[in-house]
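**Student:** The structure follows.
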Amino acid sequence: MAATMQMTVIIKNENGEEIITKVNECQIPYIEEIENQGFRAAFHDLETAVLESRKEVCEDAVSEYLEAMSAKKR
């Protein structure tokens, strides 16, 4: 059994308007899994899921932002 964690990255302009919004969901260990796996194994699974999710959502947001910037420069 796993829980779901959702990460959201929002890039706003100087007026506070949202330019880019990216959302990513990942599975993280449920509380009972910590008891079954042990703290270290469950923490490793949690940390890995968080780092991979953060990397993916940030890369997607920055990539879309750079594309939008380059389209405006043309």
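The values are calculated or read from the model by the stated rules, or taken from the named source; none is laboratory data. Just so we're clear, the structure is a prediction, and the values are computed from it rather than from any experiment. Here the Cβ positions follow ideal geometry from the backbone for every residue, glycine too, while neighbour counts run over all protein chains shown.
**Student:** Out of the residues in the range 25-70 that are of a type in the set (S, T, N, Q) and within 30 Å of N13 (Cα to Cα), which is modelled with the lowest pLDDT?
**Tutor:** Quick first cut of the range 25-70, residues of a type in the set (S, T, N, Q) only: 27, 36-37, 48, 53, 63, 70.
The next check asks that each one be within 30 Å of N13 (Cα to Cα); those that pass are 53, 63, 70.
Values: S53: 95, S63: 95, S70: 88.
Residue satisfying both the conditions and the ranking: S70.
**Student:** Okay, moving on. Only residues that are among the charged types (D, E, K, R) and not in a helix (DSSP H, G or I): list them for the range 1-38, please.
**Tutor:** Of the range 1-38, the ones among the charged types (D, E, K, R) are 12, 14, 17-18, 22, 25, 32-33, 35.
Matches in the range 1-38: K12, E14, E17, E18, K22, E25.
**Student:** Can you name every residue in the range 24-58 that is within 30 Å of K72 (Cα to Cα) and surrounded by 12 or more Cβ atoms within 10 Å (Cβ to Cβ)? Steps first, please.
**Tutor:** First pass over the range 24-58, keeping only residues within 30 Å of K72 (Cα to Cα): 24, 53-58.
Correct list: N24, S53, R54, E56, V57, C58.
**Student:** Out of all the residues in the range 16-23, is one or more within 20 Å of A2 (Cα to Cα) and either surrounded by 13 or more Cβ atoms within 10 Å (Cβ to Cβ) or at pLDDT below 95 (or both)? If you could, list the steps in order and put the result at the bottom.
**Tutor:** Taking the range 16-23 and keeping what is within 20 Å of A2 (Cα to Cα), we get 23.
Okay, now just the ones that are also either surrounded by 13 or more Cβ atoms within 10 Å (Cβ to Cβ) or at pLDDT below 95 (or both), so none.
Looking for residues that are within 20 Å of A2 (Cα to Cα) and either surrounded by 13 or more Cβ atoms within 10 Å (Cβ to Cβ) or at pLDDT below 95 (or both), one finds none in the range 16-23, hence no.
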